[in-house]
Structures are given as C-alpha cells and as structure tokens.
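Nothing in this text is a laboratory measurement; each read-out follows from the coordinates by a stated rule. The shown structure was predicted, so the numbers you read here are calculated from the model rather than taken from an experiment. We place every Cβ from the backbone using ideal geometry, glycine too, and count neighbours over all the protein chains shown.
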C-alpha cells in the first residue's frame, strides 16, 4: 500500500508516529522559510509543513517543483500544529516530511478542483474525471452508495431476493421508444434494452419468487429533457400474495428507513390522496404538500356579473397566498407574466388584495364591488393580509396553469424548504387515458396494471372512469416511485390489450409468454419502482439528477468525455447485416 | 397480505393458532375419508389435511377440484400431526382448513415441478417461469443473492464505493466483439455495450475515488460456447495507491470471506504460482491443484534410443498416476482414444506400469529395457503401483494435451471432489502474446495492463519476454477472476497501443480520453474482476453457469421464453437511420 494512512484520518493521537500519506496536491504556499502543502484524497486534506532551513535541499527542491494536482506520496512524522484549524478534521496536526515522492505529475486542470469551481457545465462533463475530484460531486456519489446499501439492507431483511433480469430483451411498441441491439447471430433480428424489467419481475412472481428486488439500469430512447437520461436506475420491486395496502406499507417503510438511516430525518406515516383530489385541489398528480394553498373553485361565486372572462370560462379557480397582500404592482405584473408564458398558457391573472385594514382591492374592481369581493374572501377563507389569485378558462388547462402558479408562489413565499420533506401517496389513478393523437386508449401506468375489481364492469361501458390499483409516491412534488397491483389472469390481460388497440396476434406475439404464464398458476402480485437517480438527488437537496450519476450523458444523449455515440466500422455493420440509411433531409 | 405465515414456518409451537397460508398445490392425495394437500411456496411445504366426513361439502368439493400448481389460500387451525415427518421443516404439524380459496387455476405444466424433473433443457428454458419454481433452481438464485450480499458487505467495510458506470458506451476494436446500439438522435452513430467497465473504473481512480466496485452486467458478442452467455455479470473492482501485493491480499480476503460466510468453508491463505510454472508443471494457466500429478519432462531420460517418436519430439513429458498401475488394457485404450480426440490432438500415448512386484511394463518395451524404465520411474518419483503416462511432440501442443489427460486422470481417480476447494493465484503473466493470424502482438490481459518495471526495457527488444503485473485467481482449475496493475502514464500507454498495432490517430480517437486523463495526475492503480456467474456456479457445485442465471439465453444467444431477438418494425429502423442488409448466402 502506497500509504499507511489516508489524508482524512490523522489526529492529535497520532503525533510522533511516522506515517505515509498519498494524494493530490490541493495547493502550496511558499513563504520562504516555511512551505505548506495541502495534500488531498477522498477522505480529507492533510497539511504537510516544511521548514526549509531544517530540511534537505533535495526535499525542498522536490516540494518547490510540485504543481496543483500532482500525485505525491509523503512520508514523515506527525506533529502537533502550532496554529490549529477547526475547519478540517485533521486540523490539529501536520506532517513534517522526511521524503516526498512524485508518483505522477499533472498539467494544469481546465477548471479549479474546488467546491465552487470556475468550470462550466460543458467543460466539467468533458473532464468528468476531474470534476469527480471535487468534494461536492464525490459526496453525491457517496450518498448514492449509502442509499443503495440501506435499500438493500431494508429489503434483504424482509426476505426480498435480488434477482438480475436480462438486459438484452425484446422490443415492444407500447410505451416509450426502445433502444435496440442488432443480433449478429440472428441477422435481421434485434434485442431491445429494457425500459423496465416489468414482465420479468412478473414472471418471477409466477415462478414463486414471492419477493423480488433489483437496483437496475433501464433505458429509454426519448428526446431528452434536462432531467432525463437515456439510461437511468430503478429500485425495482415486486411482491406476491399481496394487496395494494401491503405494497404501500412495505415501501413507505423503505423510504422512511432511508430518510432515518441516511439523513436522520423522521418521516411520519404517509398520508394518501386520491388522484381525483390531487387534480381538484392541486391541479397536479404529484402535488407538493410542503405547503397548503389548495385550489378553491369559484364558478358559483364569481359568475353572473358583467365580467365576460369569468362568465365564459369553464372554470374559475384560485389560490390564497397567505400574507402576500402587500405584493407590489411590479410583483403582481411578474406573476401575470409568469402565467402568460407559453408553457403555462393562461390568458391573464386576476388578483384581489385583502388589505390589513380589512378593505379588499382587486384587479377587477370595475365588475366586483367590495361586498362581492368579501364573498371571494369567504370562499378562500382569506384573512386580512392575504392575496387571492384567480385564473379562468378551460378546466384542464386552467388547473394545470394554477398548479404552476401555486408552486411559484410556494417558492416565492419560502414554503418549499429543500431540507423539509413531505412524502405522500397518490392513489386510485385512472386505468386509461384517451390519446387524441392516436385516437385510442393508452394505459396510464402500463398495460399490466389491474383495474379496481369494483370498476371492471365499466371497462365495457365507460373505460375512462375505470380506476386502477395504481399508486405513486410523491416527495416534495416529485414523483419518486410508482407501481400497481397487476393483472394475473389471462382473460383480463387479453381484454386489456384489446382496449389498448392490440390485435390478438400482436398481443400474442409480443406478450404471449406472459399470458401463457398466467395459465400455469399465477399468484396475485403487485409492485413498485423508484427512480433511484431522482431519489438520490432529492436526498442530496439538488434539482439535477446528472449530479448524482458518475458518468452522465448530455441532453443530446452524448457522453462528451468518451465522445459516444460514434461511427463504427463498415465490417461491424456488415457482420450485423445492417447498413446505414440516413435520409438526406431531416 | 394474503397469508399470515409462509409454508415454511409453522412449527409445533403454532398448534392451535388459526393461520392463513398461500401457495401452489404441490400434490393431492385423496383416500376418501382423508384428503391431503401439499401446499408449496418459496419457503417450504405445509400439509393441509381434510377429514372429509367432518368437513363441509363445499370445502371438500373445492379441495377435490384442485389440480397441481393451482394457487390457493388456506385458512385453518394448526394441528399436531398424527404421523410426523422429519423430511420437511414443517413435518410436525398440519393445517385443518376452515376455508380454501382458489386464487388462480393452472393447466398441467409441461414438466413436473420436482427437483428431479422430467423436463429437458429446451422445454424448461421455454417455460423458465415454471422451472424457477423448482427448489433446486431457486436455491441456486438464492445462493447468488447471498453471494452478492456478502461481496458487498466485505467491500463496503473496506471503504469501497459502489459506483454505477454507463451501459451505453463506445465501441472499440480491441478485444471481443461489441454489441452496438444505433443512436436515433445521432443517426449514423452507435453506442456499444461494455465488455467491462475497464476505462471507467480507471477514470474513477483518476477522479480520486480510490476504491471502487460494482456488481455489473457486461456484454460480449461472441460465438457462444456451452458455458458462455452474451450478457454476464462481473464483480468489478479497482484500487488506487496500491501495488500488486495489496490487490492480491484484498481479494483473496474477499474469496475467503465468501467461502466462510456462504459455505462455512475455511480456505487457507492462497498459494501463488508463476505463469511459467503453471505452464511447466500443469500445461495450463489455470491448473486444478486439488491434486498434484505434476508434469515431468523426460527429454534427457528417454531420448537417444531407437524410438523415433521420442527422438523426433520437441518435448517428451508425462505424469505419474498414483495407484493406477492396475489399469486394464481397455482402460489404457480409452485413455489413448481420449488423447487422440481432435480437440486434444495427441498422436498417441505411451504408458509404463510400475507393478506391485517391482517390475515395470511399458507400451514401448521394444525400445526401453527394464533398466531404462527404472530411470523413468526415478524421474517420475514413481512407486510400485503407479502408472506413468507419456506424451511427445511439439512442445506447446503436447503440454496442452497432457493437461487434458491430467484432468481426465484426476477425474477418473476421484481427485476432483467438487466439495473440496483449492484456490490459488497465478501471477507474472506475459504482457503480450503473438497472434499468427493478425501477425501482431495482442495484449494477453488488456491494453491497460502494466509491464513489470524491470521488464520495460524488453518492450523494445523482446516484447514476448515482458512479464505483466497481471494475476488470475484460480479455483479448482477454473479462472474465477483476473486483473492487473494498470499503466498510469501517458507515454507508456501510448507505447503499448503502438505495440498493439494502433496508429497514433486510432489510439487517440478511441482512447484519447484515457490518455489525456493520465496527464492530470493519475494515481498508481490496479484492479480485478471476478466472473460472478462462474463463481456462483462453483459455490453451487455445478458446472453450468446457466443454472445460476434467472433468465439465461441459449447457445444461439436466444431467449426462447420471450422469443428474442426478434424482427422490429421498419419505422423503428427508419428512425434509427439503418436498414437491413443481409447477404443472400452466408
């Protein structure tokens, strides 16, 4: 071992010992008679101090030849520091070197290896191996490892078996786009990379495995958004002989265990909200309930006056921002601009200030007198000092826009503390949603999700009304996990594929193995999958999952460090029986 | 939960309790007045006993309607058995059912769900979900899970960080064939699936991660042999600031920990053998040292007589099979046939029996008298009762053939007990091997392996003589893991690529990121990877790794259960910018 100790472990108790530490030169200060080297490794920083007059010329020469990020090994005696530092764990000691060996030199890094680096996103991604040296990045990945350990610990104790499912599987048209892999041994045929191990974990249940989990890479060939990666990691779980209640209990247990063991945060038992309520009160199937500010519907209160906008609207709905009555005209204009942004799409914003003196002043005073506005305040349960914000229009669009405004107000009012965690379940999702483009029903969760038994009759008559035994776990307005009780009966599964527009032949050729499996004694089962990257970023108090992935890809799906994807040799293509055929104009 | 207990946990202490168990009907015996159901789940088998005269008609009717592999739930009272069974853990009790609910019916499985099944390999793979219900298969996967847990436990304790490396990486021509993935967002470009995370783990070392591991899927598009899978799992590890000695100690520690914790077997400290000795004494770089039977070279002893075969041979070499002097003519003929098989390729076998009476009788008595044969015996250190077996010919081929014969004799003499484990290191591998076909040097391990410092000068003059800091761990003649100390210097790495026939441009375009990384302060580092599937099969006492993989592929790389690979839609190909181009004749 090229060290006896790490750069993070020497303490006052080591004084007098001869040690060897190795690491990177974080910095050097040369005051002539005294020369300090800060030596860094994964575990910390240790100060190496040279009194140049008492040291050999050779040692001093080596020390003066060092640059930032040189890799060196230092052997010497641990000494008590004259002026101690309480900023670092090794701040009581320093090393008086007897020998410094340069293990490798370093050219100047393209950005500083500091928590607050001067490197932009692109350059840090190109030199990710240098970015990884930064404390903040490494800590994220240490957190990720800890999360994985605690996840496994919790599930192992409950008799879950970690089983690896295959990565080279079969392409299916349902869901997002698959990445495919041409087969050389079976030319003209392709494997697909799994979007999730869904069918395999169900087959494990059919195979009697009872409780399965896996922390597993999944793949989606989607046009990427800032927070999506083409490959991502799931905590994937499935249980047999259970009902929805059992899954909810088991996995809120997991998340509470993670919060306790990783962050020492006590999370109370999770509350549950139906999808219908989530949409009604928050306009959103993953509401951030760190703060209240529920939607209040106002059709009954505001319609029938001279204000055409409200009269014509399918829905008038608002929120009450506590204590925001003193918002300035400028702030209110900002909010109006916010809701009118194309991605939010409201046509305007109506507000009413409930002033501290009891008067109410609105942007539509022309149409609503004080008495009318008092009725608004009553509906909102507003108090003097509050600000009422109203949107109007098409029901679905307006709810969506108000949800954005609610989150914006939550942020502005400091109600979304990233160190506070509000976890809850959203349950009773619809089984199906109608897609206008493809002109057919799509599975809201996936085609294997079981309808609620009491709603099965509606499948024939009113499919959109059928609720599913499906559930999402939401933390701070982020969907961290979702799952469902599965269909485990061949006929119901066939009916489901029929509703989704599969012909019998397609259903058989793509999912025949699963439906056949259901004939051989499939147990009732259900499961859940957590987005592990997202969960880690949430625990780390960050917004961007990329910071919690060692080697992420950029928004074009490109790894700029290794420069991939990249062209391959014609011989490789020939062996695979494929050729490039790129349209001249996109 | 659709059960209060599993089918494996009820004991005499539960007698009198009302319980619910769920599972599969393993079998039914109906004696008229008494009816027994064996109910099976992952945890065991519980007997359900119905006295038909005391039970309701409804209950008896349901019980009589059950078939094998039906999924049922049974609620009833735990009773002490009249005739106990010590064959199963629940053999003291039975359940007197109050209610039996059929959760799912089952058609007759295509093979019996028993340890000794009547199903052949093909049918079991097609219905793998039923195969998984068999105790023996499930136990293999439970062992695998246990191995993973203990691996992580050991490495976590030593401060290794589990870091996920990407699956969508870049194709490189060195090594085996890559699976590739066409990129839709970057048409004409491809990702490759990793054959190992080699470069990424090295970059983690450059990034200061110090100690890395991962239990990770890797991929090789090879023509498959019986014991190879296109996707396989590695325990992949890397350490910085180490020398070879540190890696050997750390990872023999891992394997000894696995043996102790998983199998309660104490493995002594591992012995080490150089590659040169392995080839000299065993003709094999992964010798099975559960038994001795070392090679004895006989050129000096046997040459110069009238026997042309020996005189013309580059090498005459043999083994001494203890106690096999009484082998019959038929047995000796079998051995001769064995070594003459094309895949072994010897031209013949010479033997000499050292009889119990002290005489020696050989198959070449015409050329060697008793006195000469005594010299043989002396060379072999043979005793009366032993059998000497000699091969002759080209040096390399003869060693290889004798290695096969040695293993065959080990098997025949019962010296290869699968419950005995002989683990050791083979070290000092050559850095390079010459490939006649491509007419150039190939890396024996991989291009990142460091030559031994004292041999570096030979790189210019005699590359074949350069030894590497590379090592394999061998258990019972199986290479379970291998690794090396890596090059961490840009110039040496560039020289290595040069030796391997890379142009500067190719080296830069394919591995530039790694060589550049070496300029920014790369620490000395090295690592190892274990074949996890193989390690599990070895621990499980089996030959075939497929039995330790939940959903394996067959020898054509096909998953016959889901029928993959399979054709994909033309629209998918179009989006990817590729077209099929399959040659009419292969």
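Quick one: B:239, A:515, fewest Cβ neighbours within 10 Å first, how do they rank?
Arranged by neighbour count, lowest to highest, B:239, A:515 become A:515, B:239.
Relative to the longest principal axis of the C-alpha atoms of chain B, give the angle of the C-alpha long axis of helix B:370-380, reported between 0 and 90° and rounded to the nearest 10°.
With both axes taken from Cα atoms, the answer is about 60 degrees.
Rounded, prolate or oblate: which one fits the stretch B:12-104, using the alpha carbon gyration tensor with axes a ≥ b ≥ c (rounded when a/c is under 1.5, else prolate when a/b beats b/c, else oblate)? Let's see the in-between values first.
Numbers: a/c = 1.44, a/b = 1.19, b/c = 1.20.
In terms of gyration-tensor shape, rounded.
For the protein assembly as shown, what class follows from the C-alpha gyration tensor (a ≥ b ≥ c being the square roots of its eigenvalues): rounded when a/c is under 1.5, otherwise prolate if a/b is larger than b/c, else oblate?
Since a/c reaches 1.5 but b/c is at least a/b, the shape of the protein assembly as shown is classed as oblate.
Angle, helix A:135-157 long axis vs. longest principal axis of chain A, Cα atoms, 0 to 90°, nearest 10?
The answer is roughly 60 degrees.
Taking the label point 7 Å from Cα in the Cβ direction, how far apart in nm is residue A:115 from each other copy of itself, listed shortest first?
Label-point separations across copies, in nm and ascending: 5.9.
Could you list A:445, A:525 in order of exposure, starting from the residue whose Cβ has the fewest other Cβ atoms within 10 Å?
Taking fewest neighbouring Cβ atoms as first place, the list is A:445, A:525.
Please work out the Cα center distance from the stretch B:169-238 to the stretch A:281-308, rounded to the nearest Å.
52
Taking the label point 7 Å from Cα in the Cβ direction, how far apart in nm is residue B:57 from each other copy of itself, listed shortest first?
So the distances to the same position in the other copies read 11.4 nm.
For the Cα atoms of chain A, what angle does the longest principal axis make with the long axis of helix A:395-412, in degrees from 0 to 90, nearest 10?
30
Can you run the Rg to Rh ratio on the stretch B:437-586? Use alpha carbon positions and the Kirkwood inverse-distance Rh.
Ratio of gyration radius to Kirkwood radius for the stretch B:437-586: 1.08.
Over the protein assembly as shown, what is the percentage of antiparallel beta bridges among all DSSP beta bridges, to the nearest 5?
95
Using a 7 Å offset from Cα along the direction of the beta-carbon, what are the separations from residue A:378 to the same position in each other copy, nm, ascending?
12.2
Based only on other Cβ atoms within 10 Å, what is the fewest-to-most ordering of A:367, B:539? Present the calculation step by step, with values, prior to reporting the outcome.
Working: A:367 16, B:539 22.
So the residues, fewest neighbours to most, are A:367, B:539.
Once you have a ≥ b ≥ c as the square roots of the Cα gyration tensor eigenvalues for chain A, tell me rounded if a/c is under 1.5, and otherwise prolate or oblate according to whether a/b is larger than b/c.
On the way: a/c = 2.13, a/b = 1.34, b/c = 1.59.
In terms of gyration-tensor shape, oblate.
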